[in-house]
Amino acid sequence: MKVFEEMKLNEFIDKVASSDPVPGGGSVSAMAGSTAAALSSMVSGLTIGKKKYAEVEEEIKEIKIKADELKDKLLKDIEKDSEAFDLVMKAFGMPKSTDEEKAKRKEAIQTSMKKAAEVPFDVAKSCFEVMKLAEVVVEKGNKNAITDGAVSAMLARTAVLGALYNVKINLDSIKDDDFVEKYSKEVKDLEEKTRELEEVILSKVGF
């Protein structure tokens, strides 16, 4: 079976549309983040080598490198998110006939639920980094592509918040209070930063 990053676009979209729960919202958030990074990379490429933007060329070159790295990383995260969900499903499918089996199943469920929270949180953090790159290309990149930078920012914003929703729904099933408290705080902080940064970026677009 093809991994998601090897699928044609229409194959992936049809897979999302199927009744199979994977790829779901977490994987789609990673895909959106990868696409957002690709847009920031594109704007960077349209800026590099232009005399008008010579003063910011070195900075934009660094932005392009980072954007390409995040694009590739988030593409792989599409699969990671689905794998984390599969682990949860396997844990719930474990036998529970004896007390020992029940204990093993309970432990496996909790371990897999933590993984299913950690993966989308990592995706959300990566997508926030994409937003920061988009801010630079909107402000300093080729003005003919400023709306592409804006789309990058908005898409990355949605990817952050979408991934964080997946963190929150998994936190509801985790019994480790310290883990839940830590991630709940970090989720809230990142949500606030994301909404604030989007406002800042779009205020620079001028439309």
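For the stretch 173-207, give me each residue that is over 21 Å from residue 131 (Cα atoms), part of a helix (DSSP H, G or I) and β-branched (Val, Ile, Thr).
Across the stretch 173-207, the qualifying residue is only 180.
Could you list all residues from the stretch 2-39 that are farther than 25 Å from residue 170 by Cβ and in a loop (DSSP other than H, G, I, E, B)?
2, 7, 8, listed by residue number.
Is it the case, given these coordinates, that residue 137 is part of a helix (DSSP H, G or I) and either touching a Ser or Thr at 6+ places or on another chain (Cβ under 7 Å) or open to solvent by less than 10 Å² (accessible area, probe 1.4 Å) (or both)? I'd like the intermediate steps shown before the answer.
On the way: part of a helix (DSSP H, G or I): yes; either touching a Ser or Thr at 6+ places or on another chain (Cβ under 7 Å) or open to solvent by less than 10 Å² (accessible area, probe 1.4 Å) (or both): yes.
When the stated conditions are applied, residue 137 passes them.
Checking the condition open to solvent by less than 50 Å² (accessible area, probe 1.4 Å) and touching a Leu at 6+ places or on another chain (Cβ under 9 Å), which residue from 142, 170 passes?
Answer to the check: 142.
Please tell me if residue 160 is under 23 Å from residue 23 (Cα atoms) and without any contact (Cβ under 8 Å) to a residue 60 or more places away in the chain.
On the way: under 23 Å from residue 23 (Cα atoms): yes; without any contact (Cβ under 8 Å) to a residue 60 or more places away in the chain: no.
Against the criterion (under 23 Å from residue 23 (Cα atoms) and without any contact (Cβ under 8 Å) to a residue 60 or more places away in the chain), residue 160 does not qualify.
Tell me which residues, restricted to the stretch 103-149, are of a type in the set (Ser, Thr, Tyr) and closer than 19 Å to residue 80 by Cα.
Across the stretch 103-149, the qualifying residues are 111, 112, 126.
For the stretch 163-172, give me each residue that is free of Cβ contacts under 8 Å to residues at least 40 places away in the same chain and assigned to a helix (DSSP H, G or I). Explain how you work it out, then say what you get.
Our first condition is that a residue be free of Cβ contacts under 8 Å to residues at least 40 places away in the same chain; within the stretch 163-172, this holds for 168-169, 172.
Residues satisfying the conditions are 168, 169.
Out of all the residues in the stretch 96-113, which are under 18 Å from residue 180 (Cβ atoms) and not small (Gly, Ala, Ser)?
106, 107, 109, 110, 111, 113
Only one of (1) open to solvent by 50 Å² or more (accessible area, probe 1.4 Å); (2) within 18 Å of the chain's Cα centre (by Cα) is not met by residue 33, so which one is it?
Condition (1) is where residue 33 drops out.
Considering the stretch 40-87 alone, what residues qualify as being under 30 Å from residue 174 (Cα atoms) and open to solvent by 10 Å² or more (accessible area, probe 1.4 Å)?
Within the stretch 40-87, 70, 73, 75, 76, 79, 80, 81, 83, 85, 86, 87 meet the criteria.
Taking the stretch 111-155, which residues are of a type in the set (A, V, I, L, M) and under 20 Å from residue 50 (Cα atoms)?
If the condition is that a residue be of a type in the set (A, V, I, L, M) and under 20 Å from residue 50 (Cα atoms), then 133, 134, 136, 137, 138, 145, 146 are the ones that fit.
I'd like to check something: does the stretch 100-110 contain any residue that is open to solvent by less than 60 Å² (accessible area, probe 1.4 Å), charged (D, E, K, R) and in contact (Cβ under 8 Å) with a residue 24 or more places away in the chain?
no
With (1) within 25 Å of residue 5 (Cβ to Cβ); (2) outside any helix (DSSP H, G or I); (3) of a type in the set (D, E, K, R) as the list, and residue 96 as the residue in question, which single condition is left unmet?
Here residue 96 meets the rest and fails (1).
The values are calculated or read from the model by the stated rules, or taken from the named source; none is laboratory data. As the structure is a computational prediction, the values presented were derived from the model and not from experiment. Quick reminder, even Gly has a Cβ in these numbers, built from the backbone with ideal geometry, and neighbours come from all protein chains shown. Protein only, heavy atoms only, side chains kept; ligands, DNA and RNA dropped before computing areas. Shrake-Rupley method; radii C 1.70, N 1.55, O 1.52, S 1.80 Å.
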